[in-house]
Amino acid sequence: MDEHLIEFSEALRTVAKALRRAAEGKASAQAEAAEWKRRYELERTRNIQMERKVSGNNNCEMLQHWWIRSSLDNAMDMLRIMLPCLFFWEVGKEQNKRIAEARMAEQFSAEKNGDIDCERVKNSDNQSMLQNESNEYSETGCMKHGIWSHEVLRDRESDSNSNADRNKIMRKASFKLSWWCNGENGDQHKHDIVSFERGNITTAERSSKQISLKWESDPQTVLILTKPNSVSVRILCVQMVRWLRERKKLNVYVEPRVKVELVAESSNFSYVQTWKDDSEISHLHMKVDLVITLGGDGTVLWAASMFKGPVPPIVPFSLGSLGFMTPFHSEHFKDCLDSVLRGPISITLRHRLLCRVVRDAAKNEYETEEPFLVLNEVTIDRGISSYLTNLECYCDNSFVTCVQGDGLILSTTSGSTAYSLAAGGSMVHPQVPGILFTPICPHSLSFRPLILPEHVTVRIMVPFNSRSPAWASFDGKDRKLLAAGDALLCSMAPWPVPTACQVDSTNDFLRSIHDGLHWNLRKTQSFDGPRDRDL
């Protein structure tokens, strides 16, 4: 009986393995079917775009053919006018030739024995003159058509004489560089940073100085955003609003919450402007010349999230904890704002990521939900699930890797000192355009972080054989559930966030990691210890 039970248990184990393999095969087949479906929709969208382009090109070709036909008709009309003129000119030339021959015959008849020799001499002279004229005509005529030229003839004669002249004819092959974009709907913005001439590629010269902002006209309107529930921030806001209005004669915008606090402080703040609903926020960039933030890095993130398109220059004051993006100190806000309003100022263009969620039921990648703009990072994690996160990662439709761990971070270079740094990512200068690819606690010893270029589109997909869904959060908020088959697309947004610098971008960045993180801080080695012997 024991042997039968062992055989039965082994048979059940074999059946379980077969069922597990069948389930995995089904999941992989579903994933492959979804991938082929996505490729089919993408190819279909591309074909539709190509048909539109071809129809546009056909119109251009029709206009080109019409122009060619009209040009040919005009040329035929010119030939109809010129042919009779050429005919009469040839007839007149033939008559002149006959008259000249008649005169020559009369002269030949008047002469006697010496006529033959003289005729031979004249014929030889005429032949030499005609030959010279034909040579000159061939040279000038061919030169007009661009076939021959005196320079080319001289170069050819000199080629047989010296090697130095041969190098003059040798020319380096020329070529043309062009940028490719992912279709017309792609939000890719290429920068012309490469120059090429005579086959030599060189990167365009980038200034060693930082980016500078110079006002062409004086700023008129300022928006002040403050950290809530802070007494020191509220006191500073009151002082700053009064100084900007009385001394600088500027229009001041604040949040509705802040205006209530200011009016409760004093009725003299009735001139402060605000907005009534969220629909007016989308037009703030058309009214506001400058944004002032009073708080920490979170306040800067909040200010950036308010603008879904272009962002006005931001002057961030440090009233928080770390302050990687807030270089200005509140004690000297008058001098700081005075220099900023007078200009010019150094700014840091902080790139943002444009994130879109594509559901499994979507027909193509352009059928997405409302996009998100993140200044720090987008995080895909396993949430409350106890299973490992299973994510398939693609870069411009090229497979990158499969993430199995707690999750993945797609960060900007401004967010390299935030969650990405805590997960083991590198610190990157904020003006370096790129996307940081940092895993969160990967179950692999060889999974190292990556830094991808700015022009790529990263696609994170939850496969159908995943044990649990994933969760995506954008700058720590707006969490979205990603079920099996859903995908997250991330690319560089075309609207950076310009933040004012106290000194310049590099100086502020290095000072922030030194002061905020105490980067590479250790005691200096004592000089009076043992030393190497002199060689």
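The values are calculated or read from the model by the stated rules, or taken from the named source; none is laboratory data. Note that the structure is predicted; figures quoted are calculated from it, not measured. Every residue, glycine as well, gets a Cβ built from its backbone with ideal geometry; the counts of neighbours run over all protein chains shown. With ligands, DNA and RNA removed, areas are computed over all heavy atoms of the protein, side chains included. Shrake-Rupley method; radii C 1.70, N 1.55, O 1.52, S 1.80 Å.
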Are any residues in the stretch 380-398 in contact with a strand residue (DSSP E or B) (Cβ under 6 Å, 6 or more places away or on another chain) and open to solvent by 50 Å² or more (accessible area, probe 1.4 Å), and if so, which ones? R382, L388
Just one of (1) within 25 Å of W495 (Cα to Cα); (2) assigned to a helix (DSSP H, G or I) trips up C336, so point out which. (1)
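Answer yes if at least one residue in the stretch 392-406 is among the polar types (S, T, N, Q) and closer than 21 Å to K477 by Cα, and no otherwise.
No, that holds for no residue.
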All conditions in (1) at pLDDT 60 or above; (2) outside any loop (DSSP other than H, G, I, E, B); (3) of a type in the set (S, T, Y) are true of S217 except (2)
Taking the criterion of being crowded, with 17+ Cβ neighbours inside 10 Å, part of a helix (DSSP H, G or I) and more than 31 Å from the chain's Cα centre (by Cα), would at least one residue in the stretch 283-297 satisfy it? no
Please go through (1) open to solvent by 20 Å² or more (accessible area, probe 1.4 Å); (2) among the aliphatic types (A, V, I, L, M); (3) not assigned by the TED database to the domain that holds N364 for A500 and return the number of the only condition it doesn't satisfy. (1)
Are there any pairs, at least 6 apart or on different chains, whose C-beta atoms fall under 6 Å, with the first in the stretch 405-432 and assigned to a strand (DSSP E or B) and the second of a type in the set (F, W, Y), and if so, which? I409/Y419
Output for the stretch 465-479, where each listed residue is crowded, with 20+ Cβ neighbours inside 10 Å and not in a strand (DSSP E or B): S466, D475
So H518 passes all but one of these: (1) more than 30 Å from R38 (Cα to Cα); (2) in contact (Cβ under 8 Å) with a residue 60 or more places away in the chain. Which condition number does it fail? (2)
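Which residues, counting only those in the stretch 265-281, are surrounded by 11 or more Cβ atoms within 10 Å (Cβ to Cβ) and in contact (Cβ under 8 Å) with a residue 12 or more places away in the chain?
The answer is E265, F269, V272, Q273, T274, W275, I281.
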Could you check how many residues of the stretch 278-313 are out of contact with any helix residue (DSSP H, G or I) (no Cβ under 7 Å at 6 or more places or on another chain) and of a type in the set (K, R)? 1
Residue pairs qualifying under the 9 Å Cβ cut-off, at least six apart or on distinct chains, with the first in the stretch 328-351 being closer than 22 Å to L375 by Cα and the second being among the acidic types (D, E), are S346/D504; S346/D508; T348/D504; T348/D508; H351/E454
Being surrounded by fewer than 22 Cβ atoms within 10 Å (Cβ to Cβ) and either under 20 Å from the mean Cα position of the chain (by Cα) or within 27 Å of S279 (Cβ to Cβ) (or both) narrows E369, E377, E331 down to just E369
Across the stretch 399-435, which residue is most open to solvent (accessible area, probe 1.4 Å) among those that are within 25 Å of the chain's Cα centre (by Cα) and over 30 Å from N507 (Cα atoms)? F399
Pairs with Cβ under 9 Å, 6+ apart, first in the stretch 436-453 and open to solvent by 60 Å² or more (accessible area, probe 1.4 Å), second assigned to a loop (DSSP other than H, G, I, E, B) and of a type in the set (S, T, N, Q): I451/T413; I451/S426
For the stretch 246-264, what are the residues that are surrounded by fewer than 16 Cβ atoms within 10 Å (Cβ to Cβ) and in contact with a helix residue (DSSP H, G or I) (Cβ under 6 Å, 6 or more places away or on another chain)? V263
Going residue by residue through the stretch 306-324, is there one that turns out to be under 30 Å from the mean Cα position of the chain (by Cα), farther than 21 Å from Q239 by Cα and outside any loop (DSSP other than H, G, I, E, B)? yes
